[in-house]
Amino acid sequence: MKKIFQKTKNNHKIKPSIPLQDNENVVGYTFIAPWLIGFFIFTVYPILYSFYLSFTDYNILSSPKFIGLENYKEMFVSDPLYWKSVKATFYYVFTAVPLRLIFALIVALLLCRETKGIGIYRSALYIPSLIGGSVAVAVMWRRIFEAEGILNSTLALFGIESNIAWLGHPTYTIWTIIILGAWQFGSPMLIFLSGLKQIPNTYYESAVIDGAGWFKRFFHITLPLLTPIIFFNLVMQLISGFMIFTQGLIITGGGPLNTTLFYALYLYRNAFQFGKMGYGCAMAWVMLVVIGLFTLVLFKTSKYWVHYEAEEG
Amino acid sequence: MKEKIKFSNIIYHIIMILFCFLMLYPVLWMFFSSFKPNEDIFATAHKLIPDKWTIENYISGWKGFGGVSFDVFFKNSFLYSGIGTIGTVVSSVLVAYGFARVKFKGRDFWFTCMILTMMLPVQVVMIPQFIMFHKLDWVNSFKPLIVPTFTAGPFFVFLIMQFIRGIPIELDEAAKIDGCSKYGIFFRVILPLVTPAIVTTTIFSFYWKWDDFLGPLLYLSKPRLYTMSIALKVFNDSTTTTNWGGLLAMSTLSIIPALVIFFIFQDYLVEGIATTGIKG
Amino acid sequence: MKKSSIFGRTGILLLVLVLMISLIFTGCGKESDDGEQTDIEKTEKEDEKGGEVTDTPSEEVTLRVVWWGSQERADITTEALDLFTEKNPHITFETEFAAWDDYWDKMATYAAANSLPDIFQHDYAKISQYLENDLLADLTPYVESGQLDLSDVDENAISGGKFDGKLYALSLGTNSFGTLVDPAIIEEAGLSMPEDDWTWEDYVDMGKTIYEKTGKLSEIPLAADPKFMVEYFARSVGKSMYSEDGKSLGFDDPSIIEDFFELELEMIKAGITTSPEELLIEKPIEESDFVLGEDWGGPYWTNFAVVIADAAQRPLELISMPLYSKGNSPGLYLKPSMFFCIPETSEYKDEAVQVLDFWTNDIDANKILKADRGVPISSKVREALADGVSESVKMTFDYIDELADSSNVGPIDPPEPPAGGEVTALIKEVNEEILFERITPEEGAEKIITRANEILSKQ
C-alpha cells in the first residue's frame, strides 16, 4: 500500500481532484496486487538466490563456495555435452513448436462449427493432452515405435518393410519426441478455439454477403483477428519448448548418443544427480537470457503482424 | 443445396471419427488394456479389445500401497486442484485486467518481470523455495502448493490479457460515459466478455495441478497426503516388476476428473462472444 | 538510458520490499502454526493419537523413516515398522518413500533445509558427499554399548559402512554380481554349465554356439551399467576404479577399457545380440528378452536377479562372473546394499538405533521384509529365513554364501568420489558411441581416461 501512495505523489501529471477510483495508478496497482505480492514473496528471493548460486560451487549439502565466472567458462569452453544439449533443444524447438501450433490450429478450425456431436469430438481430441507426462505415455510410445511396433506394422500394410527400433535410433529418436509434442496439441488447440469463438459472427456474415470465399474469409478475417492468440500461443509454446524435460526423462532418458539430452534435462542432471547446483543455476540463467531474447524479438516484431482491437493495451 | 450440405456433413463426420480414432489409439490401448488380465497386457499388446474382460486390475490398483488406498489420493488431488484452480482463476483475471486496460506507471516493467518469471526452469528455484517453505513450517501440508496459486499464474494472466485486448475499447468508453469506474467496467463489461478465457483457464489450471508432480513430490511427503500423480509414479519402479494392470487402471481413472471438468465447461466455451449479444 | 535508471531505483525498492515482506511473513507463519491446519493434517494427528496406547511410561516419539523403492517394498517396510510399534508402543512412524531418482532430489532438499529424517536409506555411490559434510551420525558408540547388537554379523558386511574406522551406515543386506543363466537353453545348445573359472572369451564363444544351435541371443555384459565392467576389469588387474584421493582414475592403462569395448563389438559384429537400437530402449522387466526367453543370460546384481527370476517363472541359475583373462586379482566385492543412516541432526538417535537393531536381528521383522533389500547380514536371521523364502531368494542366499569364500572377491574400494556420477555418465556415453560404431574402442578408451581425469581433478 505504501508503494501506491508514493507512486501517486510522484506522478505530477495527475490532478489532485481526481477521485481515487479513477486514478489509474491506484487502480492499476490494486488490480495487479495479487501477483505483485506473490512475486515478491515466492519468486524474487529464489530467483536472486539462484543468480548468486550461479557464481558458486554448490553441491546442496555443503555451503556454496564463490568461484566467479568458472561455471560459465566451463559451460562455454570445456563441456562438450553442454553444446550437445543446446543442439538437441534448438532442434526440438524449431520443429516441434511450429508443428504443434499448425496442427492445433487445423484441429481448432475443424472443431469450430455447430454440428451434432461436436462436444464429443472436442473432448476426444483433448484427451491425449490429459495423459501428460505420465508413465503410461512412455509405455504406449514404446508400443508404437519399437521394432515390432504399431508404426512398423502399419508401414508394412503399405508395403514398406522396416524393422527400425525408432526409439533407440540416433537419428529418429528425437522425432518420436517431436511427434509426441505435436500429439499433445490440446492446450494450444483449446486456446485457438476460444479465440475463434470470440470473432464476432457479423464479420463473417457481411463477408459472405460481399461474396468472399472460404480462403478469403480465412486469410482476411480469421487469421488477422486471431493474431493476438497466435502470438500468445507462439510465445508460450516457444518458452515451454525450450524447457522440454519430462519426455526426455521418461521416454528416452536423454539417449541414444545424447541426441535427446535436452537442455533442461542436462541442467537437472547437473544440479541433482551430479551435485553441481551452481553449474545448474548458471545453465538456467543462460537459458533465461536466450529465451528472453527470443521472446523479446517476438514482442518487438509483434506490432507488425499482431492485430489488436483496442490499441490502448 | 440442402442435399449438398448433408453430404458434406457426412464426409465431415467420417473424417472426424477416423481422425479421433487415430489420435486416441494410444489412449484406447491404455483403456482396454486396463481390462485385460495382468499376464495378457504385453502378450496381447497388438490386440485392442481384450480376449477376456476383468476388473481385477481396478480392484488391485485401488488398494494403493502402504495402507493408503486410492480414495485418499483422489481426495487429495481434488483438494489441491480444486482450491488451487479457484485461486488461480480469481487472481489471474484481476491481474490481467490491470495489465491490459489500466495505464499505470511502471506497467511495462512489471509486465516484463512477470513474463521473465515464466522462463526460469523450476528446478532452479526449487531449492530456495523449499528452504523458504520449510522455514515457514509449511512442508507436509497443502499450503506451499495452494497459497501461491492465489497470487496469479503468469501464463493465465497473459492468456486472459490477450483476450481482453481483443475486446473493442469502444465498449469501455461507452460504459465510462454511463458513469462506470474502472472497477465497474471490469465487472460489468470485461468479465462477462472473457468467459472463454476464464473457462480455458479453469480447464488448464485444474488439469495442470492434477498432473503436477514436482510440487507434491517435494511438499507432500507422507503417503496419506499423496496426490494421484505421485501415487501413479510409485506404481512404476524400474527396479522391480510392476503391477501394469493396476497402473493402467488407475491411470485411466485419473484422466476422468479432468475430462469431466472439460466436458462440463466446454459448453460455456462455445457460448463465446458470438452468443452474448454483442453485435458490431 | 532512462530505462536503466528506472531499473536501478526499482531494484533497490524491490530489495527493501522483499526484506520487509519476508520479515512480516515469517512472523505470521510462526504465530499461526497450529491454527490453520488442513483437514487432512488434523485427521491424521487424531489418527495417530487414536492408535497410541495412552499409559506408556516413556516419552512418545514419532520417527521419520524414508527410503526408495517400489510399492511392494513400501508395504512390507510399513508392516515391519508396525510390528515394531506393537512391541514398543511409545514409538510411532511417519514414513515416506520415492523412486530412486526422485529420492535423491528429495534428500538433497531435506539436507539443504536441515530436516533429514531420523532414519533414511542410503547408497554406497552417494554416501561420500554426506560423509564429507558431516551429516551422518557415528553409530560406533551404540555398537559398543550393545544398543546395536552386531554379534551375529560378519565383519565383511559391516566394514562397508565404516569410514575412517567409524560406523556411519548399516546395511540391511549384501549384494554382488553373478551371471544369471537359463540352464535349459545351455542344454539345448548341447553345452555344459560353465566352470567357475570361465572367462569373457568363453562367454562370447558360448554365446556364438548358442546362437548357432538355438537362435537365442546373448546379452551384452551390463550394457546399461558399463561403469561396473570397467571397475571389474580394473580390479581384476589389481587396480581400482578411482585413485585413493578420488582426484583421478585408479588406473592409467587404456587397454583395460579397450578390452571391454572390443568384447562388446565382437558380440555385435557376430550378430549374437539385439541391435544397439533395441538395446538402448529401457524396457520394463516383464518385456526384457531374458524374461521372455529370448536370450540365455547375463551378469546381474543379485537382488535384481531375484526380480528377474520371479518374473521369468522358469528355473534359472546364478553362477559365477566370467573372469578377465589378463588379470588375476579379485574383481568382485560384496556390496553393502541399502544402507540405513541416522543423521547427525536427529533428536531421537537412541530410538532410531533401536529400530536398526530390530531390523538387523529380529527374525519376525525379517520374515516380513523377505530379504527384499538383499541377503540379510545377520547369520542367525539368514538361517532362520532359509527355509521360508522363495526359490529365487534362496538362490541368491546360496550364491552369496559361496562367493564369500571365492577367490574372485576382494575388499570393497572406498566410496565413489562426488564426481562419480559424472564419470559413470561419461562411460555410458562413450559406450553408446562404441555400440553405434561412431568411434573405435581405442579412441573411446582414450576419451574416457582424459575426460574422467579432467572431471575428477576439478571437483
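The values are calculated or read from the model by the stated rules, or taken from the named source; none is laboratory data. Predicted, not measured: the structure shown is a model, and the values here were computed from it. Neighbour counts run over all protein chains shown; Cβ positions are idealised from the backbone, glycine included.
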Within the range A:128-142, is there a residue that is more than 16 Å from B:TYR25 (Cα to Cα) and among the charged types (D, E, K, R)? no
Does A:PHE245 qualify as being in contact (Cβ under 8 Å) with a residue 24 or more places away in the chain and hydrophobic (A, V, I, L, M, F, W, C)? no
With respect to the numbered conditions (1) out of contact with any Ser or Thr (no Cβ under 7 Å at 6 or more places or on another chain); (2) of a type outside the set (Asp, Glu); (3) in contact (Cβ under 8 Å) with a residue 12 or more places away in the chain; (4) surrounded by fewer than 24 Cβ atoms within 10 Å (Cβ to Cβ), which one is the sole condition not fulfilled by A:GLY275? (4)
Do the conditions hold for B:ILE160, that is, is it under 17 Å from the mean Cα position of the chain (by Cα) and outside any loop (DSSP other than H, G, I, E, B)? yes
So which strands (runs of 3 or more DSSP E) are wholly in the range C:269-348 and hold at least 1 residues that are at pLDDT below 90, under 18 Å from the mean Cα position of the chain (by Cα) and under 30 Å from C:ALA113 (Cβ atoms)? C:335-341
For residues that are more than 11 Å from chain B (Cβ to nearest Cβ) and part of a loop (DSSP other than H, G, I, E, B), scanning just the range A:28-63, find the one that is surrounded by the fewest Cβ atoms within 10 Å (Cβ to Cβ). A:SER63
Looking only at residues in the range B:155-172 that are more than 8 Å from every other protein chain (Cβ to nearest Cβ) and modelled with pLDDT of 90 or more, which one is surrounded by the fewest Cβ atoms within 10 Å (Cβ to Cβ)? B:PHE156
When you go through (1) surrounded by 21 or more Cβ atoms within 10 Å (Cβ to Cβ); (2) of a type outside the set (Asp, Glu); (3) in a helix (DSSP H, G or I); (4) touching a residue at least 24 places away in the same chain (Cβ under 8 Å) one by one for C:PHE228, which number turns out not to apply? (1)
The one condition in (1) outside any helix (DSSP H, G or I); (2) more than 11 Å from chain A (Cβ to nearest Cβ); (3) farther than 18 Å from C:ASN303 by Cα that C:VAL389 fails to fulfil: (3)
Checked against (1) modelled with pLDDT of 55 or more; (2) in contact with a Phe, Trp or Tyr (Cβ under 9 Å, 6 or more places away or on another chain), C:PRO89 satisfies every condition except (2)
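Results for (1) more than 28 Å from the chain's Cα centre (by Cα); (2) of a type in the set (Ser, Thr, Tyr), shown as yes or no for each residue.
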{"position": "B:ILE10", "(1), (2)": "yes, no"}
{"position": "B:PHE21", "(1), (2)": "no, no"}
{"position": "B:PRO26", "(1), (2)": "no, no"}
{"position": "B:TRP29", "(1), (2)": "no, no"}
{"position": "B:SER33", "(1), (2)": "no, yes"}
{"position": "B:LYS47", "(1), (2)": "yes, no"}
{"position": "B:ILE59", "(1), (2)": "no, no"}
{"position": "B:GLY64", "(1), (2)": "no, no"}
{"position": "B:VAL68", "(1), (2)": "no, no"}
Take the range B:111-157 and flag every residue that is assigned to a helix (DSSP H, G or I) and over 28 Å from A:ILE244 (Cβ atoms). B:HIS134, B:LYS135, B:LYS143, B:VAL147, B:PHE150
Can you tell me which residues in the range A:145-162 are surrounded by 17 or more Cβ atoms within 10 Å (Cβ to Cβ) and either away from every other protein chain (no Cβ under 13 Å) or aromatic (Phe, Trp, Tyr) (or both)? A:PHE145
Note down all Cβ pairs under 7 Å where the first residue falls in the range C:403-427 and is more than 28 Å from A:LEU81 (Cα to Cα), the second is among the basic types (Lys, Arg) and surrounded by 17 or more Cβ atoms within 10 Å (Cβ to Cβ), and they're at least six residues apart or on different chains. C:GLY410/C:ARG235; C:ILE412/C:LYS335
Answer yes or no as to whether A:ASN23 is at pLDDT below 85, exposed (fewer than 12 other Cβ atoms within 10 Å of the Cβ) and more than 23 Å from C:GLY420 (Cβ to Cβ). no
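Output yes when any residue across the range B:191-212 is of a type in the set (Val, Ile, Thr), over 29 Å from B:LYS143 (Cα atoms) and surrounded by 21 or more Cβ atoms within 10 Å (Cβ to Cβ), and no when none is. Lay out the reasoning, then the answer.
Filtering the range B:191-212 for residues of a type in the set (Val, Ile, Thr) gives B:194-195, B:198-203.
Narrowing the set further to residues that are over 29 Å from B:LYS143 (Cα atoms) leaves B:194.
When the remaining residues are screened for being surrounded by 21 or more Cβ atoms within 10 Å (Cβ to Cβ), the result is B:194.
Yes.
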Based on this model, can you work out whether B:TYR97 counts as at the interface with chain A (Cβ under 7 Å from one of its Cβ atoms), surrounded by 19 or more Cβ atoms within 10 Å (Cβ to Cβ) and over 20 Å from A:ILE41 (Cα atoms)? yes
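Within the range C:251-268, can you find the residues that are part of a loop (DSSP other than H, G, I, E, B) and in contact (Cβ under 8 Å) with a residue 40 or more places away in the chain? Quick ask: steps written out before the conclusion?
Just the residues of the range C:251-268 that are part of a loop (DSSP other than H, G, I, E, B), to begin with: C:251-254.
Those that are part of a loop (DSSP other than H, G, I, E, B) and in contact (Cβ under 8 Å) with a residue 40 or more places away in the chain: C:ASP252, C:PRO254.
For (1) touching a residue at least 40 places away in the same chain (Cβ under 8 Å); (2) out of contact with any Leu (no Cβ under 9 Å at 6 or more places or on another chain); (3) closer than 30 Å to C:PRO254 by Cβ, each residue gets a yes or a no:
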residue	(1), (2), (3)
C:ALA384	no, yes, no
C:ARG438	no, no, yes
C:ILE448	yes, no, yes
C:ASN453	yes, no, yes
Counted residues in the range A:124-170 being over 22 Å from the mean Cα position of the chain (by Cα) and small (Gly, Ala, Ser) come to 10
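Is there a residue being basic (Lys, Arg) and under 24 Å from C:ASP102 (Cα atoms) anywhere in the range C:125-142? Please lay out each step first, then the result.
Of all residues in the range C:125-142, those basic (Lys, Arg) come to C:126.
Among the residues that remain, those that are also under 24 Å from C:ASP102 (Cα atoms) are: C:126.
Within the range C:125-142, one or more residues are basic (Lys, Arg) and under 24 Å from C:ASP102 (Cα atoms).
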Testing C:SER288 on (1) farther than 30 Å from A:VAL137 by Cβ; (2) polar (S, T, N, Q); (3) within 14 Å of chain A (Cβ to nearest Cβ), one condition comes back false. Which one is that? (1)
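What about A:GLY255, is it in contact with a helix residue (DSSP H, G or I) (Cβ under 7 Å, 6 or more places away or on another chain), more than 9 Å from chain B (Cβ to nearest Cβ) and over 30 Å from B:PHE156 (Cα atoms)? Spell out how you get there, then give the answer.
Working: in contact with a helix residue (DSSP H, G or I) (Cβ under 7 Å, 6 or more places away or on another chain): yes; more than 9 Å from chain B (Cβ to nearest Cβ): yes; over 30 Å from B:PHE156 (Cα atoms): yes.
Against the criterion (in contact with a helix residue (DSSP H, G or I) (Cβ under 7 Å, 6 or more places away or on another chain), more than 9 Å from chain B (Cβ to nearest Cβ) and over 30 Å from B:PHE156 (Cα atoms)), A:GLY255 qualifies.
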